[in-house]
Amino acid sequence: MEQRSVNTRLVWTVRIVLLVGFLAFWEGGVRAGILDPFFYSSPGQILTRLAQWTRDGSIFQHIGITLWEMMLGFTIGTLVGMVLGFIMARSAYLGAIFEPVMALFNAIPRLVLAPLFILWLGLGIGSKVVMSLALVVFVVFFATYTGIREVDPALIANARILGAGSNDLTRHVLIPSALSWIFSSLRTSVGFALIGAVVGEYLGSTRGVGYLVSFAESMFDAGGVFAGLVVMVIMAGGLDFLIGRVEARLTAWKPQHGR
Amino acid sequence: MSQVQIRLERITMRFRRRGQEPFTALQDVSFEVEAGRFVSVVGPSGCGRSTTLSIIAGLLTPTSGEVWLDGQPVSGVQTNVGFMFQRDALFPWKTVLDNVMAGLIFRKVPRQKARDKALEWIRRVGLSGFEHHYPYQLSGGMRKRVSLAQTLVYGPQTLLMDEPFSALDVQTRDLMENELLALWQELRKTVLFITHDLEEAIALSDEVIVMTAAPGRVKARYAIDLPRPRNVLDIRTDLHFMQLYEQIWADLRDEVMASHSGIRSTS
């Protein structure tokens, strides 16, 4: 295979130059009167808003509550997805009956369900957790389902001849195989968990990062909306970094591609 | 005095295929393997050699006929055999050590004891220092050694080997064959070895069974009376080896041709 090496320092330099250039263009455009700050805000304004939120400490509460909703949604969604996936993959009938149903549900843009969840569960944390869970559960379900269905038959045969009972088979072959698929969809499912929580907050709540954005929007405060977005980007970046670390540990047995 | 370790009685295997004629992989296959013997089965591809092994191991149930292993009728998956697969069947998420230990852990052997035995076998197949590597970090030959250790660690009396070395390069293959012979010489297991390579079959075995093109039947059996211990590299230039080769190849050739033309030989 051809390996093209990339100069990391060059990549970072270009990235930073592009970012700084973009921000300078934005700020300059606003100052020169070309861009209307009412609609487009400005990097300075966003920074001021972020500093203000940090100073009064409110932002940490909002981040905390969003992370909490997201974690609950992710955990419950993952567990439910794994159990459903496992049961359906192991039972030919249940699989045949419900797999298309799951695929159909998965095709629904679940974000439009958010108003329903808020209607049913109120403005509190519950509706956000369910929103987040509803997104995660399908990702994990399909990962588990495929992971178990796609186990190499030779592996199963080998395990059985080596003396594996049905519990051993589950523990030493089926679950590790499913986990490898779940891990590889970890980025997607964690991302979905965050989206679910934020969208839920955005549509109706009194706390959380999504609420910050929706509140700023209702005040026609473009700077606040952008500041909220910046917070989300930082959260997503941080989570992505963490997942990368976790992934590297959990999939040590896999050949590393381009890492 | 020697007892029969594997006995097949009129095994027929028919596979039903959706929308097609059922496919007969094996037709009335009967043979015996005496304990402690190294027997190879050769035949054209698709003659049901692998199917035969799977049936002996209880992974497949024959359409008709009976299999006896160590005096017991085979029903269900047999755990008193060792099976080496053609493809890699190591657990990719387990280290070499955990892979070799697996059979013992499944047999409820205490962990410390299983570990000690596994380490001993890893040493015997020459993989000391690789205990904590994952399969993807090993070469094809090394993975085969792990498979061998994984199979031998729980001491099965019968080894069923399904073209175990066919995916290896020639040099590695010669090496593995010699090591297998050395181990066999020492352990005296009963080995049933499937291969498409007649040279390999003769070099390793006490007996070679030739199967016909599909539906597979036993066409002929040849005793290989070459002296042991053998070296698979040297033995190929032995005059008697070449005579045996020509003799068996004459038989096998017809079947290979038949399987290629898709027409059953009428012999």
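Considering chain B at the alpha-carbon level, its Rg and Dmax are found to be 18.8, 59 Å. Panel values: the stretch A:162-259, Kirkwood radius from alpha carbon pairs, Stokes-Einstein at 10 °C and 1.306 mPa s, translational diffusion coefficient 98 µm²/s.
Counting only whole DSSP H helices of chain A, the ones at least 24 Å long by C-alpha along their axis and with mean Kyte-Doolittle hydropathy no lower than 1.6 are A:125-149.
Per-residue surface analysis assigns B:TYR222 an accessible area of about 40 Å², computed on protein heavy atoms at 1.4 Å probe radius.
Restricting to Cα atoms and excluding each atom paired with itself, what does the Kirkwood estimate give for the protein assembly as shown in Å?
28.0 Å
The charge dipole of the stretch A:112-259, taken about its Cα centre with unit charges on the Cβ atoms of Lys, Arg (+1), Asp and Glu (-1) only, comes to about 420 debye.
If R₀ is 30 angstrom, what is the calculated FRET efficiency for the pair B:HIS260 and B:LEU226, using the beta carbon separation as r and rounding to 0.05? Efficiency for this residue pair is about 0.50.
Of the residues making up the stretch A:158-200, those losing 40 Å² or more of accessible area when the isolated chain is joined by the remaining protein chains, with a 1.4 Å probe, are A:ASN158, A:ARG160, A:ILE161, A:LEU162, A:ASP168, A:HIS172. The packing ranking, built from the mean of other Cβ atoms within 10 Å per residue, places the peptides A:113-123, B:84-94, A:192-202, A:47-57 in the order A:192-202, B:84-94, A:113-123, A:47-57, highest first. When the Cα positions of A:ILE125, A:ALA89, A:TYR202 are compared along the charge dipole of the stretch A:46-250, A:ALA89 comes out farthest toward the positive end, with charges on each C-beta of Lys, Arg, Asp and Glu. Between the stretch A:229-253 and the stretch B:228-262, the C-alpha centres lie 59 angstrom from each other. Relative to the longest principal axis of the Cα atoms of chain B, the long axis of helix B:111-124 makes an angle of roughly 60 degrees. Placing one equal scatterer on every Cα of the stretch B:93-155 and applying the Debye formula, the log10 ratio I(q)/I(0) at q = 0.19 Å⁻¹ is -0.57. Have a look at A:ALA114, A:PHE142, A:HIS172 and report the one farthest towards the positive end of the charge dipole of chain A, computed about the Cα centre with Cβ charges (Lys/Arg +1, Asp/Glu -1). The listed residue farthest towards the positive side: A:HIS172.
With charges only on Cβ, +1 for K and R and -1 for D and E, what is the dipole size of the stretch B:169-267 about its Cα centre, in debye, rounded to 20? Before the final figure, lay out each step's value.
Values: 11 positive and 17 negative charges, 89 e Å.
The calculation lands at about 420 debye.
Only DSSP H runs of four or more residues enter the estimate; each adds -39500 (n - 2.57), and after division by the residues of chain A the mean residue ellipticity at 222 nm equals -26000 deg cm²/dmol. The label-point distance for A:VAL83 and B:GLU9, in a model that sets each label 7 Å from Cα toward Cβ, rounds to 5.0 nm.
How many percent of all Cα-Cα pairs in the stretch B:1-114 sit more than 18 Å apart? Percent of Cα pairs beyond 18 Å in the stretch B:1-114: 61.
If each DSSP helix of 4+ residues adds -39,500 (n - 2.57) and the sum is divided by the residues in chain B, what number results at 222 nm, nearest 500 deg cm²/dmol? Please report the intermediate quantities before stating the final value.
Numbers: 8 runs with 98 residues, N = 267.
Helix contribution divided over all residues of chain B: -11500 deg cm²/dmol.
The calculated pair-distance distribution of chain A uses every alpha carbon pair, bins of 10 angstrom beginning at 0, and gives 7, 22, 26, 23, 15, 6, 2, 0 percent. For A:TRP26, the solvent-accessible surface with a 1.4 Å probe is about 40 Å², rounded to the nearest 10. Given +1 at the Cβ of Lys and Arg, -1 at the Cβ of Asp and Glu and no other charges, the dipole of the stretch A:2-115 around its Cα centre is 240 debye to the nearest 20.
The values are calculated or read from the model by the stated rules, or taken from the named source; none is laboratory data. Just so you know, these numbers come straight off a predicted model, no measurement behind them. Neighbour counts run over all protein chains shown; Cβ positions are idealised from the backbone, glycine included. In case anyone asks, the SASA skips ligands and DNA or RNA and just uses the protein heavy atoms, side chains included. Shrake-Rupley method; radii C 1.70, N 1.55, O 1.52, S 1.80 Å.
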